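Structure record follows, encoded as structure tokens.
The values are calculated or read from the model by the stated rules, or taken from the named source; none is laboratory data. From a predicted model like this one, the values you see are computed outputs, not experimental measurements. Positions of Cβ are generated from backbone atoms using ideal geometry, with glycine treated the same way; all protein chains shown enter the neighbour counts.
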Amino acid sequence: MQPISEIMTHDVTVISPDDNVQKAAQLMRDWNIGSIPVCNGKRLVGMITDRDIAIRAVAAGTSPADAKVADIMTDQVLWCYEDQTAGEVLQQMGDQQIRRIPVVNHNKELTGVVSLGDLATRMDVNTESALEDISSQRAQDRPSTGKQPSRH
């Protein structure tokens with residue numbers, strides 16, 4: 001079975017926990033990405049997402065220029081090892097309802113990121129059911145308000 005290191009994206013944008021949230025948002029804009037691994041040196045210590053910025057900084061009234069990445073990042077990050085098989089990682093992603101996962105070596109140093117898209121294009125398995133499971137779980141987790149938000 002194919003190791004995840006052959007499928008993952010190796011060239012990954014990272015940010016320091018000491019950087020401000022505005023820098024994270026600018027990197028997301030510049031690279032057209034929705035999440036960035038947070039590293040102390042090479043060691044993975046968290047993830048920051050566009051949702052973290054919206055909910056934990058902007059909606060809370062915190063200035064992105066003043067807040068540190070460490071203040072709003074998710075520090076309980078799910079990750080996989082670079083020598084795990086693609087099948088194992090796909091199963092883990094499906095079980096945890098996630099679309100992307102950081103890849104680390106056995107020193108917990110970031111070596112890449114793998115997404116369902118990477119698996120779909122580089123692995124000879126059907127990722128459609130995993131994606132459907134993840135998407136349907138996300139929809140079930142949303143609160144029911146009776147009204148759909150306006151999308152303007």
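Listed here are the residues, each with its yes/no results for (1) of a type in the set (K, R); (2) in a loop (DSSP other than H, G, I, E, B); (3) at pLDDT below 75; (4) out of contact with any helix residue (DSSP H, G or I) (no Cβ under 9 Å at 6 or more places or on another chain).
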site	(1), (2), (3), (4)
V77	no, yes, no, yes
Q92	no, no, no, yes
V103	no, no, no, no
N107	no, yes, no, yes
L119	no, no, no, no
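Take the residues in segment 48-62 that are under 16 Å from I36 (Cβ atoms) and among the small types (G, A, S), then tell me which one is surrounded by the fewest Cβ atoms within 10 Å (Cβ to Cβ).
The extreme case among them is A54.
Would you point out which residue out of G87, G61 is on the phi > 0 side of the Ramachandran plot, over 14 Å from the mean Cα position of the chain (by Cα) and not in a strand (DSSP E or B)?
Only one candidate passes the filter, namely G61.
Would you call I55 β-branched (V, I, T) and under 13 Å from the mean Cα position of the chain (by Cα)?
Criteria not met by I55.
Tell me yes or no: at least one residue of segment 127-141 is surrounded by 19 or more Cβ atoms within 10 Å (Cβ to Cβ), modelled with pLDDT of 95 or more and out of contact with any Asp or Glu (no Cβ under 7 Å at 6 or more places or on another chain).
The answer is no; no qualifying residue exists.
Among the listed residues Q92, Q26, Q22, Q84, identify the single one that is more than 21 Å from G112 (Cβ to Cβ), surrounded by 15 or more Cβ atoms within 10 Å (Cβ to Cβ) and not small (G, A, S).
Residue meeting the stated conditions: Q22.
Which number in (1) surrounded by fewer than 19 Cβ atoms within 10 Å (Cβ to Cβ); (2) within 17 Å of the chain's Cα centre (by Cα); (3) at pLDDT 95 or above marks the one condition that I98 misses?
That leaves (3) as the condition not met.
Given the conditions (1) out of contact with any strand residue (DSSP E or B) (no Cβ under 6 Å at 6 or more places or on another chain); (2) under 25 Å from Q91 (Cβ atoms); (3) touching a residue at least 24 places away in the same chain (Cβ under 8 Å), and given that V12 satisfies all but one, which numbered condition is not satisfied?
For V12, the exception is condition (1).
Kindly list the number of the only condition in (1) free of Cβ contacts under 8 Å to residues at least 60 places away in the same chain; (2) more than 16 Å from D118 (Cα to Cα) that fails for R43.
Condition not satisfied by R43: (1).
Residues of segment 64-81 being over 20 Å from V114 (Cα atoms) and under 16 Å from the mean Cα position of the chain (by Cα), which ones?
The answer is V69, A70, I72.
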